[in-house]
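The values are calculated or read from the model by the stated rules, or taken from the named source; none is laboratory data. The model shown is predicted, which means the values in this text are computed figures rather than measured ones. Note that we place each Cβ from the backbone using ideal geometry, even for glycine, and neighbour counts take in every protein chain shown. Note: accessible area is taken over every heavy atom of the protein model, side chains too, but ligands, DNA and RNA are not part of it. Shrake-Rupley method; radii C 1.70, N 1.55, O 1.52, S 1.80 Å.
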Amino acid sequence: MVDIAQDTLSDATSSSTVTFTFSAAPVGFTASDITAVGGTVSGLAATGNPLVYTATFTATDGFRGTGSVSVAAGSYTTPTGTPGDTGSDLVDIDRENPTVTVDIASGSLSDGAPSSTVTFIFSEAPVGFGAGDITAVGGTISGLTATADPLVYTATYTATDGFRGPGSVSVAAGSYTDDSLNAGSSGSDTVAIDRENPTVTVDIADSALSDG
C-alpha cells in the first residue's frame, strides 16, 4: 500500500511523507521502482518494521493537477520470489503561481491629462493584495478598489508635477498569493509623462536707457 500523508500540496506545503507498507518483506525494492507524477520522490528509507518504507514526495513548482506515487507490479518480490503487486496513491497539487497584468489606460500623461485609470488583472483571486504592494515611479497611486470581478482591481495613477520621463506602476513578486498560498508573480506597465513646465527667459539687450 502506498500512502501520501498530505491530501493537498502547494507552495505553503510542497512536500509530504510517503509510506510504502508491504504484506511481506520486499526483496529488491529500491527508489528506481517508484514512479512519481507531478513531483519527485527522495530519501527512500527502510524503517524498523521490515514491512514499511518511507520517502518524501515533493510537488514540482508550477504544477497544478493530480500528483501520484506508484510502485509497478513485479518491481520487487516476496522472500519466496513471488512478484509483488502494484500500489499507488494520489494527491491534489496546486503549485501554479498566480500572475497579474498591470494596464495603465492612458498612453501618455501631461498637465492637460495628469491622471489615468490603472487596472490590475489576476489569473486567480489574489489574497493579501493591497495598496502597499504597488510601486509607482513618476507618480502616485490612489483609490485602489476591488471590482465585482474578483480577478480585477482598479486604481488611479497621477503623474508628479514637474516630472518628465517614463512612469511606471508595478506589483512585486510574492506580494500576494492565491487561496492555496502560492506566491504571485510580478507585473508592471509604463507610461510616457511630460509634466515638466516650460520656462521663459526675458533679456533686455541694453543695460541702461536714457534720452540718448
Item checked: Probe 1.4 Å, protein heavy atoms only - accessible area per residue of the chain in square angstrom -> 53
Note to self: Among 144-156, 92-104, how do they line up by average Cβ neighbours within 10 Å per residue, starting with the highest?
What the structure shows: 92-104, 144-156
Next item on the list: Sum up the charges of everything whose Cβ sits under 13 Å from the Cβ of G138, counting Lys and Arg as +1 and Asp and Glu as -1, but leave G138 out.
Entry: -2
Next item on the list: May I ask you to compute the full-extension gain from N197 to T101, defined as 0.36 nm times their residue separation minus their alpha-carbon distance, rounded to one decimal in nm?
Entry: 31.4 nm
Margin query: Applying a 10 Å radius around every beta-carbon, put 70-78, 165-173 in order of their mean neighbour count, most first.
Written below: 165-173, 70-78
Note to self: Under 8 Å for C-alpha pairs, at least 6 residues apart: give me the relative contact order for the chain, rounded to a whole percent.
What the structure shows: 18
Item checked: Note, ³J(HN,Hα) from phi for the stretch 202-210, Karplus 6.51, -1.76, 1.60, rounded to Hz, x at Gly and Pro -> 9, 10, 8, 4, 8, 7, 8, 10, 7
Check: Can you tell which of G62, F20, S185 lies farthest toward the positive end of the dipole of the chain, using +1 and -1 charges on the Cβ of basic and acidic side chains (Lys, Arg; Asp, Glu)?
Finding: F20
Margin query: At a 10 angstrom cut-off on C-beta neighbours, averaged per residue, how do the peptides 189-199, 52-62, 109-119 rank from highest to lowest?
Written below: 52-62, 109-119, 189-199
Checklist line | Sites T190 and D61, calculated FRET efficiency, Cβ-Cβ separation with R0 35 Å, nearest 0.05 | finding: 0.75
Check: What number, in percent, do you get for the relative contact order of the stretch 86-135 if the mean sequence gap of Cα pairs under 8 Å and at least 6 apart is divided by its residue count?
Finding: 35
Item checked: Theoretical gain in end-to-end length, A46 to A5 [0.36 nm per residue, Cα-Cα removed] -> 13.1 nm
Check: Percent of accessible area on the chain owned by carbon and sulfur, 1.4 Å probe?
Finding: 51
Notebook entry, point to check: Pick the calculated Kirkwood radius over Cα pairs in Å for this structure from (1) 21.2; (2) 21.9; (3) 19.8?
Noted result: (2)
